[in-house]
Amino acid sequence: MFDLFRSRERSVRYLLGALLLLVAASMVITLVPGYGTGWASPRDPSILAEVGDHRITVQEVRKVIQREMKGNVPPEMASIYVPSVVQQLVALRATALEAERLGFRVTDAELADIVKGLFPQLWAGGTFAGKEAYAQVLASQNMTIPEFEEALRTQALQARLDILALEGVIVTPQEVEEAFRRQNEAVKLMTIGVTAGVARNRVKVTDEDLAAYFEQNKASFRVPEKRSYLIFPISEEEIGASVQVPEEQLRQMYQQQQDRFRTEERVRARHILIKTIDRPASELPALEKKAQDLLKQLRSGADFAELARKNSEDPGSAAKGGDLDWITRGQTVPEFEKVAFSLKPKEISDVVKTQYGFHIIQVLEHQPARVKPFEEVRAELAAEAKRAQVYERMQNISDQIRSALVRSRDEAEKIARANGIRPVLAENIGPGDPVQEIGVNEQFSAAVKDLPVNGVTPVVQVAPNKLVVAQVVAITPA
């Protein structure tokens, strides 16, 4: 297939490009149960689509919406937004499946490099901060480690398929030459400059000329339609000021989410490494002797950090006195892990041989697996619970204002005042003009575009933390 995509025959390239598009399209059509009639599978309502062995579920779509829109999709937009998310997920999985069929794979090492590029803070000082820190970073994006890494693999496979498709675009030397000539072709011009002042006194414009010019260019003088709106902005900041989460609710959340706050057993360790990688076997005895000599110095009271700075060949930790920070099981090679997790705090190991060389390990602290106490996570839970309550209250207030505004403007303003919301009058707004409290927003523009005077918009999300309801109060025709 690679040779075919590199073909210089345009007809072959076009045919293969079209074929690839048809494959992607057919996967979307044939792999989505109920396509064209509904989004849920009749066998399992939680399954929205199936691509190969992968099932796209309601929960997966809900998480995407939570990450991208903070979970705030107005009911009026759900029928448009949710299917769009499903289609995106289907397309992503379908192209990744095609990439796998062509033999592409993403190795664990490649995946680790991608993660390192996205979250360099997890490798501060050259050492991985650990799965706990990794999980905490992802939790802020409402993702688990397996979900995130699966998404990265899928995106990487899609990128490789994109590259394969682009490799089919061959530019011949003749095409390069033609483009160069077009861009660099030059001509010589002789010009004569004539200023407006030269002709001004010679030109006479009559009223008839002006009238004729106006008739011919009416469109240039057309003033667009202007609209005025009464806007009710419902923001997280205003609503959140009055929301308090009961202590009992926080403790209930804590009890229900204990697994989330469970931390793995970990040790804080430092080491001195004498590397054996790329060293001939004949040097191994001397290298081991060097490690044993360093161990004797440590047993005699030498400073571990100082010896590590002078002798360790681990570039990531030597400058820090050999400090590896916190390590959980599975982060290091088995030989190192076995010894590190068996040592008591302050205890120094014998010389340990691994694939990297000879190590001397000291454990500084050892923490068993535990569940973080409530007080330690209370602030995090309170922020989450408050955010959820604020969003729910924002939606409820928006719905109340909209329902009242359809009946009576006074009634809507009364509800707004009761909730600390101040309506804003935005006057003489033309197409593309920024609107007070909103700016330039496509969703708002679409919502008000065809409304008559006194028409009311649905609830419109104009920012991740702001909803608005608006009424058209005046229209000045174009």
Practice problem: Pop out the ³J(HN,Hα) list for the range 301-313 in order, Karplus 6.51 cos²θ - 1.76 cosθ + 1.60 with θ = phi - 60°, rounded to Hz; leave Gly and Pro as x. | Solution: x, 5, 6, 4, 4, 5, 4, 5, 4, 8, 10, 5, 9
Self-check item: Ascending count of other beta-carbon atoms within 10 Å, so fewest first, for Thr276, Thr476
Solution: Thr476, Thr276
Quiz item: What is the spin-label model distance, in nm, from Gln389 to Arg299 if the labels are put 7 Å beyond Cα along the C-beta direction?
Solution: 6.2 nm
Self-check item: Separation of the Ala474 and Gln155 label points, Cα + 7 Å toward Cβ, nm
Solution: 4.8 nm
Practice problem: Kindly write out, for the range 402-412 in residue order, the coupling ³J(HN,Hα) from the Karplus curve 6.51 cos²θ - 1.76 cosθ + 1.60 (θ = phi - 60°), rounded to whole Hz, with x marking Gly and Pro. | Solution: 4, 4, 5, 5, 5, 8, 7, 5, 4, 5, 5
Practice problem: Find how much the distance from Val187 to Glu248 grows on full extension, using 0.36 nm per residue of separation minus their present alpha carbon separation; answer in nm with one decimal. | Solution: 13.8 nm
Exercise. Determine the shape class of the range 385-436: with a ≥ b ≥ c the square roots of the Cα gyration tensor eigenvalues, call it rounded for a/c under 1.5, and otherwise prolate if a/b is greater than b/c, oblate otherwise.
Key: oblate
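Can you tell me the relative contact order of the range 265-368? Whole percent, Cα pairs under 8 Å, sequence separation 6 or more. Present the calculation step by step, with values, prior to reporting the outcome.
Values: 190 pairs, mean separation 45.7, N = 104.
The normalised contact order for the range 265-368 reaches 44 percent.
Pull out a ≥ b ≥ c, the square roots of the eigenvalues of the alpha-carbon gyration tensor of the range 251-381, then state rounded if a/c is under 1.5, prolate if not and a/b is larger than b/c, and oblate in the remaining case. Can you show the working numbers first?
On the way: a/c = 3.03, a/b = 2.43, b/c = 1.25.
Prolate, since a/c reaches 1.5 and a/b exceeds b/c.
Read the figures in this text as sums done on the coordinates, not as results from a lab. Owing to the predicted nature of the structure, the values given are computational and were not obtained by experimental measurement. In this analysis, Cβ positions are derived from the backbone assuming ideal geometry, glycine residues included, and neighbour counts consider all displayed protein chains.
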